[in-house]
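Undergrad: The structure that follows is given in the form of structure tokens.
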Amino acid sequence: MAADAPPAAAPAAKIKILRLAHVYYKHKNIAAAEQFLKDFGFLETERVGKKIFYRGYGTDPFVYCAEEGEEDEFGGTGCVVESLADLELATKIIETASPIYDLKTPGGGKCVTIKDPVDGWPMHLVYGQTPVEPSAEYGYLDFNFPDVKPRKNKFQRFEKGPAIVHKIGHFGMCVTNFAKTYEFYTTKFNFVASDLQHEGDGVNVLAFMHLDLGEDFTDHHSFFIFQGPKSHVHHSSYEVHDFDTEVLGHDWLRNKGYKNCWGVGRHILGSQIFDYWFDTSGFILEHYVDGDQVNCHHETKVSQAGPDGLHVWGPDLPSGFLK
């Protein structure tokens, strides 16, 4: 009689991230950066030493931290985890993890900072931040379509100004070893690929990853990575209320003389209406609206990468956009 098979090993515990919270950037010319961030639609909330904290109109105590520095530098992203146990788990399973420490930022909380095992950039795992009250309320526009016209004796009237940010939606990194980086974030964390792309040889070089929250829906991607010769942040992306808000923000930035990177257009993977801008330090920031939502029932899609796969309408893809 054959011996019973040994029981299957339990799946390794993963650090559960609920959402992105904020990003950190250093700027040599902090005065120019301040003006851009205001024109982009961030709301200043606090200054501590050389750091300026900005929020959106949502409940996150801050979504962007600008710091005066000797070099223009990306300082990583903050990710909200589900529990203190997730911070404790990080200190046990990630070699580069710091001890748990108290955050000296708006909203407070506790944090563990890890370093990416391939390229060394930081990710900050945050728990226990105190949320803030929303700073603005936005209504929903009635649109008159050819055969359905609900808006009668009502008018669409807008004021010029920045596209006020709601929240941070996602960020992206160019990585020097895609396979190793992808393996790390999908085995240590609850990142799952919504879409993978290859260059025709079947070897994946780009991943758009969402946070696995089970039945709960979340953004199509909170984090994306792609293979490249030198690691750097590609962009960080911020949700605004609607299409009119986004285009009003586009015109505001254009009239202020800032450099547009790409947009306005409509992505294919994620579906967002996008608008990318260079800040005064050369970093790319994006406004977006109308992104896809997915949950555990979404199956990872695999496709071939190419310029025609990134947008369905809008300006041509800029040369070197994914470099």
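The values are calculated or read from the model by the stated rules, or taken from the named source; none is laboratory data. It should be emphasised that the depicted structure is a prediction, and the values quoted were computed from it without experimental measurement. Cβ atoms come from the backbone with ideal geometry, glycine included; neighbour counts cover every protein chain shown. Areas reflect the complete protein model, heavy atoms only, side chains present, ligands, DNA and RNA absent. Shrake-Rupley method; radii C 1.70, N 1.55, O 1.52, S 1.80 Å.
Undergrad: Restricting to the stretch 270-293, name every residue that is assigned to a loop (DSSP other than H, G, I, E, B), more than 25 Å from PHE143 (Cβ to Cβ) and touching a Lys or Arg at 6+ places or on another chain (Cβ under 8 Å).
TA: Answer for the stretch 270-293, where residues must be assigned to a loop (DSSP other than H, G, I, E, B), more than 25 Å from PHE143 (Cβ to Cβ) and touching a Lys or Arg at 6+ places or on another chain (Cβ under 8 Å): just SER281.
Undergrad: Would you please list the contacts, defined by Cβ atoms under 7 Å and residues six or more apart or on different chains, that run from a residue in the stretch 256-277 that is free of Cβ contacts under 8 Å to residues at least 12 places away in the same chain to a residue that is part of a loop (DSSP other than H, G, I, E, B) and surrounded by fewer than 19 Cβ atoms within 10 Å (Cβ to Cβ)?
TA: none
Undergrad: Moving to a separate point now. Return a yes/no flag: does the stretch 247-266 have any residue that is buried (at least 22 other Cβ atoms within 10 Å of the Cβ), in contact with a strand residue (DSSP E or B) (Cβ under 7 Å, 6 or more places away or on another chain) and in a loop (DSSP other than H, G, I, E, B).
TA: Checking the stretch 247-266: not a single residue is buried (at least 22 other Cβ atoms within 10 Å of the Cβ), in contact with a strand residue (DSSP E or B) (Cβ under 7 Å, 6 or more places away or on another chain) and in a loop (DSSP other than H, G, I, E, B).
Undergrad: Same structure, new question: For the stretch 46-105, name all the residues that are assigned to a loop (DSSP other than H, G, I, E, B) and in contact with a Leu (Cβ under 6 Å, 6 or more places away or on another chain).
TA: Within the stretch 46-105, GLU82, ILE100 qualify.
Undergrad: For the stretch 132-160, what are the residues that are among the β-branched types (Val, Ile, Thr) and loosely packed, with under 10 Cβ neighbours inside 10 Å?
TA: Across the stretch 132-160, the qualifying residue is only VAL148.
Undergrad: Check whether at least one residue in the stretch 25-35 is over 25 Å from ILE225 (Cβ atoms), part of a loop (DSSP other than H, G, I, E, B), open to solvent by less than 40 Å² (accessible area, probe 1.4 Å) and touching a Gly at 6+ places or on another chain (Cβ under 8 Å), and report yes or no.
TA: No: zero hits.
Undergrad: Can I ask one more? Of the residues ILE93, ILE100, ILE114, which is closer than 14 Å to PHE189 by Cβ and out of contact with any His (no Cβ under 9 Å at 6 or more places or on another chain)?
TA: Details: ILE100 fails: closer than 14 Å to PHE189 by Cβ; ILE114 fails: out of contact with any His (no Cβ under 9 Å at 6 or more places or on another chain).
Going through ILE93, ILE100, ILE114 in turn, the sole match is ILE93.
Undergrad: While we're here: If the requirement is being open to solvent by 20 Å² or more (accessible area, probe 1.4 Å) and among the hydroxyl-bearing types (Ser, Thr, Tyr), which of these qualifies: THR218, THR181, THR186?
TA: Testing whether each residue is open to solvent by 20 Å² or more (accessible area, probe 1.4 Å) and among the hydroxyl-bearing types (Ser, Thr, Tyr) leaves just THR186.
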